[in-house]
Amino acid sequence: MPRRKLRSQGEVVARSRELAEELRAALGRLPDDDPAVVDAVWRGEALGTLLWALQLLELPAYDEPFDPEEVAAVELEGPALRDGEEIELERESARLWHWRARTTELQARGEVELPERYENFDQLIAATAMRGFEQGVLPAPIRGDFRAYGKIYRQLTPEQQAEAHSIALERHHALNWLCGEGSTWEDVPLDT
């Protein structure tokens with residue numbers, strides 16, 4: 001994996017403070033269905049990921065969101081940025097989970113072209129799941145697919161798919177930013 005220059009611990013703490021303020025404000029407005037409030041609550045996943053990188057929280061599995069109330073309550077005392085290699089491994093895991101969510105979405109819309117060496121999407125997904133497992137960035141596949149919510153990813157309900165996509169997107173965003181992608185938080189690339 002290519003090694004990137006991580007953002008400084010000070011930058012990560014500052015970004016975490018900003019996200020925490022946004023999250024607390026959004027939680028105070030719930031059950032508001034304003035898209036800005038919903039987005040701010042989902043950014044709690046990004047905040048939780050940064051807090052994980054600062055060794056202030058543990059990272060749940062990719063089918064389990066952070067508790068936004070708990071994330072918003074974390075004090076930024078005594079942070080210590082994790083090792084760059086550990087962060088890079090988690091970034092690769094987030095990228096693969098995000099890829100899996102996007103593949104499901106694109107497949108449903110018929111908007112994705114299958115690479116030539118694969119006969120079908122199940123083969124591509126199985127190869128990716130196994131490769132991720134062998135690299136130590138994904139859990140063991142189940143019947144040739146990512147394991148989520150105690151079952152095969154392709155059998156997720158639309159609600160589970162949406163939640164898994166949001167979790168992966170926000171964590172991927174936070175880890176790409178942390179690894180120096182994009183010049184600002186707003187322009188972080190999320191290529192999968």
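A few notes on this one:
- ³J(HN,Hα) computed for each position of the stretch 68-80 - Karplus, 6.51 cos²θ - 1.76 cosθ + 1.60, integer Hz, glycine/proline x: x, 5, 5, 4, 5, 8, 5, 7, 8, 10, x, x, 9
- Calculated P(r) of the stretch 1-117 - Cα pairs past 16 Å, %: 66
- Distance (nanometres) between label positions extended 7 Å along Cα→Cβ at Tyr149 and Ala108: 1.0
- Taking θ as phi - 60° and the Karplus parameters 6.51, -1.76 and 1.60, the scalar couplings of the stretch 123-137 work out to 5, 4, 5, 4, 5, 5, 4, 5, 4, x, 5, 4, 7, x, 10 Hz in sequence order, x denoting glycine and proline.
- Solvent-accessible area per residue for the stretch 1-154 (1.4 angstrom probe, square angstrom): 54
- Along the stretch 41-50 the Karplus relation, 6.51 cos²θ - 1.76 cosθ + 1.60 evaluated at θ = phi - 60°, assigns HN-Hα couplings of 5, 5, 5, x, 5, 5, 4, x, 5, 5 Hz to successive residues, with x for each Gly and Pro.
- Put simply, the amide H of Leu57, placed in the peptide plane, has neighbours under 5 Å in Trp52, leaving out anything fewer than 5 places away on its chain.
- When the stretch 127-192 is reduced to its Cα atoms, the Kirkwood hydrodynamic radius in Å: 13.3
- Alpha-carbon centroid distance for the pair the stretch 5-52 / the stretch 90-112, whole angstrom: 23
- Taking only protein heavy atoms and a 1.4 Å probe, the accessible area of the chain is 48% carbon and sulfur.
- Here the chain is treated with +1 on each Lys and Arg Cβ and -1 on each Asp and Glu Cβ, and its dipole about the Cα centre works out to around 580 debye.
- Taking the helices alone, the chain has a mean residue ellipticity at 222 nm of -19000 deg cm²/dmol, built from -39,500 (n - 2.57) per DSSP H run of at least 4 residues and averaged over all its residues.
The values are calculated or read from the model by the stated rules, or taken from the named source; none is laboratory data. Quick caveat: nothing in here was measured; it's all calculated off a predicted structure. Cβ sites come from the backbone with ideal geometry, for glycine too, and all protein chains shown count toward neighbours. In case anyone asks, the SASA skips ligands and DNA or RNA and just uses the protein heavy atoms, side chains included. Shrake-Rupley method; radii C 1.70, N 1.55, O 1.52, S 1.80 Å.
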